[in-house]
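The values are calculated or read from the model by the stated rules, or taken from the named source; none is laboratory data. Given the structure is predicted, the values throughout are model-derived calculations rather than measurements. With ideal geometry, Cβ positions are generated from the backbone for all residues, glycine too; neighbour counts draw on all protein chains shown. All accessible areas refer to the heavy atoms of the entire protein, side chains included, with ligands and DNA or RNA removed. Shrake-Rupley method; radii C 1.70, N 1.55, O 1.52, S 1.80 Å.
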Amino acid sequence: MLFNSIKNGLLSGLKTTWTLGKIIFPVTLIVAVLQYTPVLPWIIKLISPLMKLLGLSGDAAIPLVLGNFLNLYAAIGAILTLDFSVKEVFILAVMLSFSHNLFIESGVAMKAGVKLWVVLTTRLGLAIVSAAVINLVWHGGSTPAKYGLIEAQTGHPSSLGGIFLQAIEKAGLGILQLAMIVIPLMVVIQILKDINWLKKFSKTMAPVTKSLGMQENTSTTMAAGLLFGLAYGAGVMIQAVKEDGVSHKDVTLAFIFLVACHAVVEDTLIFVPLGIPVWPLFLIRLGVAIILTLIVGTIWRRSGLLRKEAA
């Protein structure tokens, strides 16, 4: 059984790397080439004033737009081609952790019964507020970011061929570094699936969901979202909502928690190639998710009690 799990996990990891590579490679290539045209500098100059409020340079808008409209992998592909400070990369990582892949993941939330405005307000609000707070609180991180487990040769090519070679090198290294994370991760996830670890994990989640103001039948939804993410765990979550009879309040609270903190393993580890400390990133997501869910749950509960008293 273990051999089959490893084999299936490796195949899944290779397929996932191929799928993500088809996103990262062209995005990295295009952004790298655009740096040497008037297009990218013009966009950067236009958006710079807004980005400065968040402690970012104008070109940070590129990965933010790609991450929100496409996914984290497209955003990382763009970051690998641009020069940022350590602080800027960390702020981008936190923002993108809260707000990415908006079209697909918002659709998943709506399918489970959560209002669109709740998802968008929570995700975009958390991204903007977190960036502003980190910018005000953290006064370090001004050194240039060094990307990756393998460092590409940098420089300013003087010819069109040199530009393309540098872009291909960055894109290739980005995919290689991602594969070093994704393939082992998919093997582990496959093994966990085969031993039905999700059911075991959801049982351990029951006390946690209860402490956050949700019924215990929300635990499967929470477990699926935490482990596999909003998009990948969509089928499990929607099925759990239907079969477990999760209430509208509980599924809303669960998704408020999960939009702040989901796919905790994958969405944390994929930022490793950017050379930033990932533990603070994980702790920020988890802490914000817990605090926000407790606040919303308390307000919801009190407003319900007030309505009952008024009746």
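Quote to one decimal, in nm, the extra length available between Val65 and Ser142 on full extension: 0.36 nm per residue of separation minus the C-alpha distance between them.
Working: separation 77, 0.36 × 77 = 27.72 nm, distance 2.34 nm.
Using 0.36 nm per residue and subtracting the Cα-Cα distance, I get 25.4 nm.
Taking a Cβ cut-off of under 12 Å around Phe255, the surrounding Lys, Arg, Asp and Glu residues balance to a net charge of +2, with basic ones at +1 and acidic ones at -1. Shape summary: the stretch 68-127 maps onto an equivalent ellipsoid whose semi-axes, from the alpha-carbon gyration tensor, are 26, 12, 6 Å in decreasing order.
Please give the FRET efficiency for Thr37 paired with Leu116, using the beta carbon to beta carbon distance and R0 = 30 Å, rounded to the nearest 0.05. Mind dumping the intermediate values first?
Details: r = 36 Å, r/R0 = 1.22.
Approximately 0.25, to the nearest 0.05.
With contributions of -39500 (n - 2.57) from each DSSP H run of at least four residues, the per-residue ellipticity at 222 nm computed over the chain stands at -25000 deg cm²/dmol.
Counting only protein chain heavy atoms and rolling a 1.4 Å probe, the accessible areas of Tyr147, Tyr36 rank, largest first, as Tyr36, Tyr147.
Given R0 = 22 Å, the distance between the Cβ atoms of His248 and Glu216 translates into a calculated FRET efficiency of 0.85. The residue among Gly67, Val288, Tyr36 whose Cα reaches farthest toward the positive pole of the charge dipole of the chain, with charges on the beta-carbon of Lys, Arg, Asp and Glu, is Val288. Length gained on full extension, Ser303 to Lys200, computed as 0.36 nm times the residue gap minus the Cα-Cα distance: 33.6 nm.
Between Ile290 and Val272, the simple label model (points 7 Å from Cα in the Cβ direction) yields a spacing of 2.5 nm.
Of Ile295, Ile175, which has the most accessible area with a 1.4 Å probe, and how do the rest follow in descending order?
Ile295, Ile175
Rg/Rh for the stretch 1-109 (Cα atoms only, Rh after Kirkwood) is 1.08.
Once you have the Cα-Cα distance between Val265 and Leu10, take 0.36 nm times their residue separation minus that, and quote the gain in nm to one decimal.
Here the answer is 90.1 nm.
Note down the relative contact order for the chain as a percent, whole number, built from C-alpha pairs under 8 angstrom at least six residues apart. List each step's numbers first, then the result.
On the way: 430 pairs, mean separation 69.7, N = 311.
Relative contact order comes out at 22 percent.
Between the residues Leu53, Ser5, Gly225, the greatest Cα displacement towards the positive end of the dipole of the chain, with unit charges on the Cβ of Lys, Arg, Asp and Glu, is found for Gly225.
Spin-label model, Leu283 to Leu160: label points 7 Å out along the Cα-to-beta-carbon direction sit 5.1 nm apart. Shape analysis of the chain yields a ratio of the Cα radius of gyration to the Kirkwood radius, Rg/Rh, of 1.00.
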